[in-house]
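S.K.: Pasting in a structure now, in structure tokens, and then I'll have a few things to ask.
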Amino acid sequence: MGYLYLQTTNNNSIVTLTDHSGNAIVSAGTGRVGFKGTKESSSYAAEQAAKFVLTEAKNHCGMKEVGIICR
């Protein structure tokens, strides 16, 4: 099981997936999934970043469960 941390600001969203010890496994901001400028702060961009992180964790780490922590 991992923990998905969502950190949002007025200009960007950062999604980080950690293991149960708090070690980062995968992390991505909205720029990593192709959004630039004012579009980085949209909820759709945050959704796409979370989808990217979860797909990477599933494909490369075999992770099947996550808990979500919003800040």
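No lab work stands behind these numbers, since they all come straight from the coordinates. Source: prediction; values computed, not measured. With ideal geometry, Cβ positions are generated from the backbone for all residues, glycine too; neighbour counts draw on all protein chains shown.
S.K.: Compute the helix-to-body angle for 43-61: its Cα long axis versus the longest principal axis of the chain, expressed 0 to 90° and rounded to tens.
M.R.: 30 degrees
S.K.: Run the quick spin-label model on residue 19 and residue 51: label points 7 Å from Cα toward the beta carbon, then report their separation in nm to one decimal.
M.R.: With each label placed 7 Å out from Cα toward Cβ, I get 2.9 nm.
S.K.: For residue 39 and residue 68, calculate 0.36 nm times their separation in residues minus their Cα-Cα distance, and state this gained length in nm to one decimal.
M.R.: 8.1 nm
S.K.: Using the Karplus curve 6.51 cos²θ - 1.76 cosθ + 1.60 with θ = phi - 60°, what ³J(HN,Hα) values do you get for each residue of the range 16-25, in whole Hz, with x for Gly and Pro?
M.R.: Values, residue by residue: 10, 10, 10, 7, 5, 8, x, 7, 5, 9 Hz.
S.K.: Okay, next question. Can you give the relative contact order of the range 2-70 as a percent, counting alpha carbon pairs under 8 Å and 6+ residues apart?
M.R.: Taking the mean separation of contacting Cα pairs over the length of the range 2-70, I get 36 percent.
S.K.: Suppose every Lys and Arg Cβ carries +1 and every Asp and Glu Cβ carries -1, with no other charges. What dipole size does the chain come out with about its Cα centre, to the nearest 20 debye?
M.R.: Dipole magnitude for the chain comes out near 160 debye.
S.K.: I want the antiparallel fraction of DSSP beta bridges within the chain, as a percent rounded to 5.
M.R.: Here the share of antiparallel DSSP bridges comes out near 70 percent.
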